[in-house]
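The values are calculated or read from the model by the stated rules, or taken from the named source; none is laboratory data. Since this is a predicted model, take the numbers as computed values, not measurements. Neighbour counts run over all protein chains shown; Cβ positions are idealised from the backbone, glycine included. Just so you know, the surface numbers come from the protein's heavy atoms only, side chains and all, with ligands and any DNA or RNA stripped out. Shrake-Rupley method; radii C 1.70, N 1.55, O 1.52, S 1.80 Å.
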Amino acid sequence: MATAEPAPLVDILVRGPEGFSLWNGPPFSNGQPGVKLENVSCTSTKFSEDGSTLMVIKSDSVISIYDCTSYREIRSFQIPNVLAAALSPRGTYLQTFQKFSTPQDKNVTLWRTDTGDSVYHQHQKNMTKATWPSIKFSSDEAVACRLATNEIQFFDVGDFSKAFINRLRVPRVAALELSKAPGSHVAAFVPESKGIPASIQIFACGKDPQSQPVARRSFFRCSTVQLNWNNGSTGLLVLVQSDVDKTNQSYYGESKLNYLTTDGSHEGLVPLRKEGPVHDVQWSHSGSEFAVVYGFMPAKATVFDKKCNPLLELGTGPYNTIRWNPKGKFLCLAGFGNLPGDMAFWDYIEKKQLGTTRAELSVTSEWSPDGRYFMTATTAPRLQVDNGIKIFHYNGSLFFKKMFDKLYQADWKPESPDRFGDIGELVKSIESLKVVETKPQGERSKNSQTSVKASTSNPPAQKPAAYRPPHAKVAAAVQAQLFGESPTETLSKNALRNKKKREKKKAGEATSGA
């Protein structure tokens with residue numbers, strides 16, 4: 001009988017001015033994380049998608065590749081004038097973009113990380129978010145393609161030195177997104193031009209890519225798009241954004257969420273039930289549902305199935321971020337950026353809210369690969385003060401907190417959620433540890449959920465406020481309503497005295513009339 005593969009350890013990468021360190025992830029044995037690798041000098045780090053490899057940029061010309069099993073350096077590249085670098089999903093290839101001096105310079109290079117050999121070169125004039133990395137890979141690295149003028153070119157991943165094995169003609173194509181798992185389809189974005197609407201087209205990838213799209217959606221007023229494939233490559237969410245809102249309802253422009261399927265069963269808008277911008281959208285790990293945060297504040301959050309039918313309403317509040325647990329059971333709804341940092345944790349399977357809390361000034365946030373913990377980080381250069389890490393349990397109770405003078409990055413090491421056990425058993429293991437575990441730094445009281453709710457509903461007594469004109473009271477009520485609170489009107493002593501006189505006068509008139 002074959003023994004089950006043990007679940008991998010959860011690790012955390014932390015990068016500051018001195019370099020990066022690697023910590024043992026939770027649960028911590030003595031309330032503090034153990035250090036696996038300490039203060040390796042660098043300017044940037046990035047894990048591969050599967051977590052097997054770590055890329056470390058140490059200087060302007062040195063890029064090191066680390067094996068994430070032993071955390072030992074396995075390869076080092078000396079690349080002068082490098083401006084950007086990226087790993088392929090499985091860490092097999094390193095892609096670099098160098099500053100060029102002449103148009104003949106082939107400044108984009110694809111390297112093998114195991115041998116250090118360069119396998120492909122090309123020239124690229126500039127680098128944008130839509131065009132980098134230049135070569136796109138599927139999650140299993142079985143499909144690779146690149147964007148060219150008016151076409152998408154497919155590589156032979158067994159031998160990059162060969163000419164392109166296929167070319168897909170798409171006039172005026174400006175961006176593409178290859179489906180990840182599997183790499184069976186590619187989405188192409190064609191921008192608006194001279195009265196011709198912008199469009200998203202989905203093509204099938206194969207030995208002979210079809211020239212006709214399997215799905216297509218056109219729209220006007222489109223400045224940028226975000227393309228988001230699900231696991232299984234059956235559905236594509238397209239967030240269309242315009243710099244100008246023709247209705248003058250939003251200073252930040254307008255946005256629409258479109259949904260296309262590879263079988264052609266759905267091509268249209270996602271039926272959102274509130275007007276306003278789309279703040280965030282994310283697929284579940286299974287690829288069967290997606291969650292959207294949308295609408296003017298207080299924003300609304302809804303979970304939809306693959307046919308755009310609403311499955312669960314998550315309520316309204318000051319939210320602009322949605323994070324779906326990798327195991328598919330829990331959701332975190334949060335309001336970061338210019339919002340106060342409120343977080344609500346939901347059990348999607350049981351359709352109930354588990355708890356609420358707050359993580360002010362958070363810049364990044366993500367679930368751990370095993371789905372038991374949620375980490376937020378306040379990092380520079382976005383914020384230069386109050387840098388630190390907070391790790392919460394799945395129900396919102398604070399587990400660990402650590403502050404830094406300066407923090408640039410905090411990431412979980414990626415792992416496949418399938419390598420961990422059932423989320424129900426993992427949660428039980430956490431609850432059993434809470435009894436014997438010493439309280440980590442910054443952890444709340446035992447009933448954290450109750451204390452957090454109590455602190456928000458019963459704020460501490462404040463000093464007497466300065467004089468506020470009548471119109472300011474109205475503004476305060478409107479602001480409270482925007483943040484999902486119930487506006488409470490506080491009257492001055494004179495106003496209370498006059499109110500009592502009016503009530504007494506009305507009572508006297510009513511008595512005399514009777």
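First check a/c for segment 167-302, with a ≥ b ≥ c the square roots of the eigenvalues of its C-alpha gyration tensor; if it is under 1.5, answer rounded, and if not, answer prolate when a/b is larger than b/c or oblate otherwise. Here segment 167-302 falls in the oblate category. Within the shell defined by Cβ-Cβ distances under 13 Å, the residues around residue 266 carry a net charge of +1, with Lys and Arg each +1 and Asp and Glu each -1.
Stretching residue 511 away from residue 81 to a fully extended chain increases their span by 145.7 nm, per 0.36 nm per residue minus the current alpha-carbon distance. For Cα pairs less than 8 Å apart in space and 6+ apart in sequence, what is the mean separation divided by the residue count of segment 172-269, i.e. the relative contact order in percent? Taking the mean separation of contacting Cα pairs over the length of segment 172-269, I get 21 percent. Label positions at residue 499 and residue 296, each projected 7 Å from the Cα along the C-beta direction, are separated by 2.9 nm. Simple spin-label estimate for residue 218 and residue 418 gives 4.0 nm between the two label positions (7 Å along the Cα-to-Cβ direction from each Cα).
Could you tell me which of rounded, prolate or oblate describes segment 67-170, using a ≥ b ≥ c as the square roots of the eigenvalues of the alpha-carbon gyration tensor, with rounded for a/c under 1.5 and, failing that, prolate when a/b is larger than b/c and oblate otherwise? Note, shape of segment 67-170 comes out oblate. In this structure, residue 148 and residue 274 have a Cβ-Cβ separation that, at R0 = 41 Å, corresponds to a calculated FRET efficiency of about 0.50.
Ordering of 500-512, 65-77 by packing is 65-77, 500-512, highest average first (other Cβ atoms within 10 Å, averaged per residue). When 50, 280 are compared by accessible area of protein heavy atoms, the largest-first order is 50, 280, using a 1.4 Å probe. Taking a ≥ b ≥ c as the square roots of the eigenvalues of the alpha carbon gyration tensor, segment 274-420 is oblate, as a/c is not under 1.5 and a/b does not beat b/c. The modelled label-to-label distance for the pair residue 18/residue 37, using points 7 Å beyond Cα in the direction of Cβ, is 1.7 nm. Local charge for residue 173 was computed over the other residues whose Cβ lies under 14 Å away, with Lys and Arg +1 and Asp and Glu -1, and equals +3. Packing around the peptides 322-330, 93-101, taken as the average count of other Cβ atoms within 10 Å per residue, puts them in this order, highest first: 322-330, 93-101.
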